[in-house]
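K.L.:
Take this structure first; my questions come after.
The values are calculated or read from the model by the stated rules, or taken from the named source; none is laboratory data. Treat the numbers as computed from the prediction; the structure is a model and nothing was measured. Neighbour counts run over all protein chains shown; Cβ positions are idealised from the backbone, glycine included.
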């Protein structure tokens, strides 16, 4: 599981870029963003890049987002169709294990 928290903005873009990487096929990835309080467009761009890498390597990804504001931002940016998004770790894990649909 990859966990990020706090404010994710252009000042943390390199950090996010380094953490959200898929360089080869592998197991599903759960990204816990439940403690993110803010994200700007640079982070949305990193999520989009991460989605493309995961798709290229056929790696399934699920995001945990509990903030309504952050969830809306992700959906408005068109990333709601790119990722399976959940508001709990249990639901996200079940999805990645194939037990539930988003």
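K.L.:
Would you be able to say whether some residue in the range 65-81 is at pLDDT 95 or above, in a loop (DSSP other than H, G, I, E, B) and buried (at least 16 other Cβ atoms within 10 Å of the Cβ)?
P.N.:
yes
K.L.:
Just to verify a result, which residue in the range 13-26, among those that are part of a helix (DSSP H, G or I) and in contact with a strand residue (DSSP E or B) (Cβ under 8 Å, 6 or more places away or on another chain), is surrounded by the fewest Cβ atoms within 10 Å (Cβ to Cβ)? Please lay out each step first, then the result.
P.N.:
As a first pass, look at the range 13-26 and keep what is part of a helix (DSSP H, G or I): 13-19.
So of that shortlist, the ones also in contact with a strand residue (DSSP E or B) (Cβ under 8 Å, 6 or more places away or on another chain) come out as 16, 19.
On the way: 16: 21, 19: 14.
For the range 13-26, the residue satisfying everything is 19.
K.L.:
While we're looking at this one, here's another question. Looking at the range 37-54, which of its residues are more than 11 Å from the chain's Cα centre (by Cα), under 20 Å from residue 66 (Cβ atoms) and either at pLDDT 95 or above or part of a helix (DSSP H, G or I) (or both)?
P.N.:
Those that are more than 11 Å from the chain's Cα centre (by Cα), under 20 Å from residue 66 (Cβ atoms) and either at pLDDT 95 or above or part of a helix (DSSP H, G or I) (or both): none in the range 37-54.
K.L.:
Turning to a different aspect of this structure: I'd like to know if the range 52-74 contains one or more residues that are under 20 Å from residue 14 (Cβ atoms), out of contact with any strand residue (DSSP E or B) (no Cβ under 6 Å at 6 or more places or on another chain) and free of Cβ contacts under 8 Å to residues at least 40 places away in the same chain.
P.N.:
The answer is yes, given that some residue of the range 52-74 is under 20 Å from residue 14 (Cβ atoms), out of contact with any strand residue (DSSP E or B) (no Cβ under 6 Å at 6 or more places or on another chain) and free of Cβ contacts under 8 Å to residues at least 40 places away in the same chain.
K.L.:
A follow-up question, please. Please go through the range 27-44 and pick out each residue that is under 12 Å from residue 8 (Cα atoms) and loosely packed, with under 15 Cβ neighbours inside 10 Å.
P.N.:
If the condition is that a residue be under 12 Å from residue 8 (Cα atoms) and loosely packed, with under 15 Cβ neighbours inside 10 Å, then 35, 37, 38, 41 are the ones that fit.
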